[in-house]
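S.K.: After the structure tokens below, expect a handful of questions from me.
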Amino acid sequence: MLLFPKKQKFIKSFTGVKLSSDNTKVNNNHSFGQQALIAKTGGIITNFQLEAMRRFLRRRLKKKAQIFFRIFPQSSFTKKPNDVRLGRGKGNPKYYGCIVKKGSIILELRTFSNKNMTSVLKQVQFKLRLKTLISKQTSR
């Protein structure tokens, strides 16, 4: 169940915005859950990484928690096949991904028992290329 857009006007997209390392404020506004995974650095998260995170969380948490993904892979990334000479246009779409900026929330968890949620989120961090931090929401 990989995530990708149902319909696109243009299948091959431009390279995209350059991720600057400006001093962006870390977003601590949890909309859905008590604990969140926040990006420390900017980068690209592929639909394969999102699916690996989702599968791991489902297997580990069963039905003890709700998972809310705050990002969606909407950009297509192309790659030319191996041993192909230069020219002859852009390559075919290889995977979909989302460009994540520093300080944006990747996913949130809502649970009733916070026993091992931080350890689960620490294991989820290894599935990503980005450096992330775990944020807990204080009681309102």
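The values are calculated or read from the model by the stated rules, or taken from the named source; none is laboratory data. Treat the numbers as computed from the prediction; the structure is a model and nothing was measured. A quick note on method: Cβ atoms are made from the backbone with ideal geometry, for glycine too, and the neighbour counts reach across all protein chains shown.
S.K.: For residues in segment 89-131 being in contact (Cβ under 8 Å) with a residue 40 or more places away in the chain and hydroxyl-bearing (Ser, Thr, Tyr), which is surrounded by the most Cβ atoms within 10 Å (Cβ to Cβ)?
M.R.: Filtering segment 89-131 down to residues in contact (Cβ under 8 Å) with a residue 40 or more places away in the chain leaves 90, 93, 95-114, 117-118, 120-121, 123-125, 127-131.
From what's left, hydroxyl-bearing (Ser, Thr, Tyr): 95-96, 104, 111, 113, 118.
On the way: Tyr95: 17, Tyr96: 21, Ser104: 16, Thr111: 17, Ser113: 8, Thr118: 12.
My answer is Tyr96.
S.K.: Mind listing whichever residues of segment 46-66 are in contact with a helix residue (DSSP H, G or I) (Cβ under 9 Å, 6 or more places away or on another chain) and buried (at least 17 other Cβ atoms within 10 Å of the Cβ)?
M.R.: Residues satisfying the conditions are Met53, Leu57, Ala65.
S.K.: Hey, another quick one. How many residues are in contact with a helix residue (DSSP H, G or I) (Cβ under 6 Å, 6 or more places away or on another chain) and of a type in the set (Lys, Arg) when one looks only at segment 98-139?
M.R.: 1
S.K.: Give me the pairs, please: first residue somewhere in segment 47-66 and touching a residue at least 40 places away in the same chain (Cβ under 8 Å), second residue anywhere and in a helix (DSSP H, G or I) and among the β-branched types (Val, Ile, Thr), beta-carbon distance under 6 Å, and either six or more positions apart or on two chains.
M.R.: Pairs found: Met53/Val124; Arg60/Val120.
S.K.: Could you look through segment 31-72, keep only residues that are among the small types (Gly, Ala, Ser) and within 18 Å of Thr118 (Cβ to Cβ), and pick out the one that is modelled with the lowest pLDDT? If you could, list the steps in order and put the result at the bottom.
M.R.: Residues of segment 31-72 that are among the small types (Gly, Ala, Ser), as a first pass: 31, 33, 36, 39, 42-43, 52, 65.
Next cut, within 18 Å of Thr118 (Cβ to Cβ) only: 33, 36, 39, 65.
On the way: Gly33: 83, Ala36: 91, Ala39: 93, Ala65: 88.
Among residues in segment 31-72 that are among the small types (Gly, Ala, Ser) and within 18 Å of Thr118 (Cβ to Cβ), the one modelled with the lowest pLDDT is Gly33.
S.K.: Looking at Ser13, Ser75, can you tell me which residue is hydroxyl-bearing (Ser, Thr, Tyr), farther than 24 Å from Lys122 by Cα, modelled with pLDDT under 90 and in contact with a Gly (Cβ under 7 Å, 6 or more places away or on another chain)? So that I can check it myself, show each step before the final result.
M.R.: Values: Ser13 fails: in contact with a Gly (Cβ under 7 Å, 6 or more places away or on another chain).
Among Ser13, Ser75, only Ser75 is hydroxyl-bearing (Ser, Thr, Tyr), farther than 24 Å from Lys122 by Cα, modelled with pLDDT under 90 and in contact with a Gly (Cβ under 7 Å, 6 or more places away or on another chain).
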